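Worksheet: the structure to be examined is printed underneath.
The values are calculated or read from the model by the stated rules, or taken from the named source; none is laboratory data. Nothing here was measured: the structure is a model prediction, and the numbers come from that model. A quick note on method: Cβ atoms are made from the backbone with ideal geometry, for glycine too, and the neighbour counts reach across all protein chains shown.
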Amino acid sequence: MLPRFNLDDLPADLKSQITRRSLTGKECLFLDGDPANYIYYVESGVIRLLHYTELGQTVNHYTLMSGNFLAEVLIVSDKYLCTAVVEEPAEVLAIPKQAFINALSQDPSLMMAFLGEVAYRLHMTKVMMQIRSIRSASERVLNYLRVTVPAGTNVIVLDRPLKEIAYNLDLTPESLSRALAQLQEERYISRERGRIILHR
């Protein structure tokens, strides 16, 4: 299994070039077709990737939250391939694209870690598409919990607000709350402060 990518592994000279941006709700981070100069890392908030058809319809790709890279496909593209819209106020790190590519080319272990991150993203995107296709909210939430629970344990530590999890599941926060209450009533889960325990 390829290692996961960690910002702490970046060389010091690249870290010194990274800048932080604060974004407000509904702000566009970039537009489809804009020159691609930065790869982004989401520190907090919610950002939705989408594109618009020639008829003006919106096609949603997926939603990114804290801990996710954004626009990593730019390694092989000179332009952004979709539009990024801020759903919830966000903090992002802007990593200069060319400096990032140079760092990867000079460090094979860093390159392998980045490939691992991209592979993991592709896998989780496929998994989340399958989960979002489940019609029942409670079944959707239960499947999500089963996918995200760490190996060897039945405890999920809630490291982000439930509102972000609801976005990820394409549910309203109210629907997520009702689904969790139903799962607890049916004894699939129990809840403690800051964590959820899976029972079956």
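Only one entry of Y52, Y80 meets the criterion of being surrounded by fewer than 15 Cβ atoms within 10 Å (Cβ to Cβ), of a type in the set (F, W, Y) and farther than 27 Å from P161 by Cα, and that entry is Y52. The set of residues in region 84-138 being among the polar types (S, T, N, Q) and surrounded by 14 or more Cβ atoms within 10 Å (Cβ to Cβ) consists of N102, S138.
Could you go through region 62-69 and let me know if any residue there is in contact with a helix residue (DSSP H, G or I) (Cβ under 9 Å, 6 or more places away or on another chain) and over 20 Å from L162 (Cα atoms). The answer is yes; a qualifying residue exists.
Residues being among the hydroxyl-bearing types (S, T, Y) and closer than 29 Å to H61 by Cα are entirely absent from region 184-191. Residues in region 1-41 that are outside any strand (DSSP E or B) and basic (K, R): R4, K15, K26.
Residue count for region 1-40 under the criterion of being more than 22 Å from Q106 (Cβ to Cβ) and of a type outside the set (F, W, Y): the result is 16.
In region 3-20 there is at least one residue that is within 17 Å of the chain's Cα centre (by Cα) and farther than 27 Å from D170 by Cα. Residues in region 148-161 that are more than 16 Å from G67 (Cβ to Cβ) and either out of contact with any Lys or Arg (no Cβ under 7 Å at 6 or more places or on another chain) or not assigned by TED's automatic domain parsing to the domain that holds Q184 (or both): V149, A151, G152, T153, N154.
With the structure loaded, tell me whether A113 is over 22 Å from I197 (Cβ atoms) and either part of a helix (DSSP H, G or I) or hydrophobic (A, V, I, L, M, F, W, C) (or both) or whether it fails that test.
Answer is yes for this residue.
Taking region 156-200 as the range and being in contact with a His (Cβ under 9 Å, 6 or more places away or on another chain) and in contact (Cβ under 8 Å) with a residue 40 or more places away in the chain as the test, the residues that pass are Y188, I189. For region 141-148, the criterion of a residue being surrounded by fewer than 14 Cβ atoms within 10 Å (Cβ to Cβ), closer than 27 Å to L7 by Cα and at pLDDT 90 or above is satisfied by at least one position. None of N102, N68 is within 16 Å of L10 (Cα to Cα) and under 14 Å from the mean Cα position of the chain (by Cα) except N68.
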